[in-house]
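Please treat every number below as a calculation from the coordinates, not as lab data. Please read these numbers as outputs of a predicted model, since none were measured by experiment. Methodologically, a virtual Cβ is constructed for each residue, glycine included, from the backbone with ideal geometry; neighbour enumeration extends over all protein chains shown.
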Amino acid sequence: MQVEETAAVQTGGQEPWPARPLFLAGLGLAAGLLVHWILSGSGSAFERSAVQAASLTGIALAATLIGFTLERRLWWASILFSLATALVAALVVYWNGSPGGWSASEGWRTISLLLAVAIAAPLFQAARDSGSAGRVPRFPYAAVHDHAWTNVVLWCACCLFVAVVFLMAWLLAALFGLIKIELLRELLEREWFWRALIGLSFGAGLGLLRENDNVVRLLQRVVATVLAVLAPALAIGLALFLLALPFTGLQALWDATSATTPILLSCVIGALILANAVIGNMPAHERRFPLLRYGAMVLAATILPLAGIAAIATGLRIGQYGFTPERLWAVVFVALACLYGAAYLAALVLGRLGWAGRVRPMNLTLAFVTCAVALLLATPLVSFNAISTRDQLARLESGRVTPEKFDWRALAFDFGEPGKAALERLQASSNLRVRALAADAAKAETRWEVADVSRDEENRRKIAKNLRVLPSGRPVPAGIVEALAKANDCIGDQRCTLLLLSEDEALFFNDSCFRMPTDRPGNAQARSRLHVAAYPFDCRDGERYRRAEGAWERAGSSRPTTDAERATVARAFEGGEVEVRTVPRRQVFVGGIPVGQPFE
């Protein structure tokens, strides 16, 4: 009897509904066409108005939520929930303004909004299922957990189904192309068609999967089983990491504070997912195998220490460089991670082997908290741009950071409207240096046009450490280090060489392009050959630098560069005016062996 009740709670009393796949396919098709109609009236994403962005959000979310939550029983409740949620999301996007005015970190608002919606959907599904027969809607953890996992599996399966549909469509297009029928290929290249096809295939796949509930539950069990098996491996790795810290020290973590927090938070998320895959949604589904069970307990115990280290790393970064929108988002994520870590550790200490029974209701409470925080941060009520701008200006005005080391690039392009307003005020500053740098930043059309003085100084230090000059003993020409820094050459961990050809010309090489192969140490012939590594530039030729009008810069290409030259070449090529000439050449020799291509 208890098993039947549990199954009823999990399935929510779902009934077969043969018309649902057709309805969802039509809904997806309509949503795809509406999305195309809105997009066809706009350019890039940053050229869309707030109304267009809000409309896209509302249509996409309404269709998606209806597809995931619609049931034959209480179908009207699913539609009302979906439309109300989509309307709220659309109003939030409209409130945030046109995407063209968003700063670099504004995308996190969209992610926060989608997270809130993703949490709200299973909560609604569980409440709707529990509110049948006149009962007060509740949020049974087993039902919430089950719907959350099912929604994730359905989303991934539908995305895979869409990919398969497109592969099949292109295959058929190629097949008909063999007999000179290009209609399908031409349709697939039209935006209205492939957008409609995405909506149609996603809706049809979702409807078909929801009518085959046993298949979805099988996929869900397979995914949960695989994740549960991975729990001990991650638990061992995280435990060894924490045990090694007292011996290795934390200095390496503080030196890499920009990477420390994302990595640690990713480990926290992984620990949460795998631990919950082991404990399941109820005692009957909890995996009792000792290795899995104790692995989940270790994962629960490591969450808070990892989140604590991430909090310290984020605090150090903020103490060094102040607030930025990205760091404030990191503060939020770290705070949520610490909250989850504290809850899991408390459940583990109080419940010991029975900790899962204590953590399940905590998961439900934490889900409500996360949903509320995510929805709040998706709105402009909390402006990380304004907070960051005030903090950075306070650092500048107090003298904690000099005008040369101030991040003008971030103020102009990363802090949104508050940053631009502050930049305008700084152009009237009594400090002449501040006024000049603010004016230069305000005139820049792209972030790369704003000089990053502190970064240039760091690059020059790296170049001085990594650079070798040939012939030996020759001084480095004035200005070439600045040119290398500007071109981002020789600033990594690899050493480099500068071959001075004259007072006004030099060749730059990355030393890694010329190293002895080590894969076959016994092969003398292989060791005698130079090994050329794959790098973003053609390291076989080297990079040529020339001094023109007193400034060093990368040498221009020998190919036609002006419109007139390109037009002349095009006309001559069309007329067959192609010839071979014997010309003097210059080429690099290393150890008497020619290396790379000749140059002029």
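Of note:
- Whole-number percent relative contact order across the stretch 2-211, with pairs defined as alpha carbons under 8 Å at least 6 apart: 37 percent
- In terms of overall dimensions, the chain has a Cα radius of gyration and Dmax of 30.7, 95 angstrom.
- The amide H of Val469, built 1.01 Å from its N in the peptide plane, has Leu498 as neighbours under 5 Å, considering only residues 5 or more places off or on other chains.
- Relative contact order computed over the stretch 218-377 (Cα-Cα under 8 Å; 6+ residues apart), in percent: 25 percent
- The helix-only estimate of mean residue ellipticity at 222 nm for the chain, built from DSSP H runs of length n ≥ 4 each weighted as -39500 (n - 2.57), is -22000 deg cm²/dmol after division by the residue total.
- Nearest 10 degrees, 0 to 90: helix 50-69 Cα axis against the chain principal axis: 40 degrees
- Full-stretch length increase - Phe241, Arg460 - with 0.36 nm per residue and alpha-carbon distance subtracted: 75.3 nm
- Long pairs among Lys420/Lys462; Lys405/Lys462; Lys405/Lys465, criterion Cα-Cα beyond 24 Å: Lys420/Lys462
- Tilt relative to the chain, helix 2-11 - C-alpha long axis, 0 to 90 degrees, to 10: 50 degrees
- Counted by Cβ distance under 12 Å from Gly97, the other residues give a net charge of 0, where Lys and Arg count +1 and Asp and Glu count -1.
- Using 0.36 nm per residue and subtracting the Cα-Cα separation, the extra length available between Ala19 and Leu250 on full extension is 77.2 nm.
- Of all DSSP beta bridges confined to the chain, the antiparallel ones make up roughly 85%.
- Extension reserve of the Val226-Arg390 stretch, reckoned as 0.36 nm per residue once the Cα distance is removed: 54.3 nm
- Cα-based shape type of the stretch 364-446, given that a ≥ b ≥ c are square roots of the gyration tensor eigenvalues and the cut on a/c is 1.5: prolate
- Sequence-separation-based contact order of the chain, relative, with Cα cut under 8 Å and 6+ spacing, percent: 11 percent
- Two-site label geometry, Ala284 and Glu189: point separation in nm, points 7 Å out along Cα→Cβ: 5.8 nm
- Mean-position separation - Cα centroids, the stretch 402-472 and the stretch 47-124, in angstrom: 38 Å
- As a proxy for reagent exposure, ranking Ile279, Ile491 by other Cβ atoms within 10 Å from fewest up yields Ile491, Ile279.
- Summed side-chain charge close to Leu274 - residues other than Leu274 whose Cβ falls under 13 Å, Lys, Arg +1, Asp, Glu -1: +2
- Acute angle (nearest 10 degrees) that the helix 141-177 long axis makes with the longest principal axis of the chain, alpha-carbon atoms: 60 degrees
- Net charge of neighbours whose Cβ lies under 12 Å from the Cβ of Asp493, counting Lys and Arg as +1 and Asp and Glu as -1: +2
- Which of Cys490, Cys158 has the fewest Cβ neighbours within 10 Å, and the rest in rising order: Cys158, Cys490
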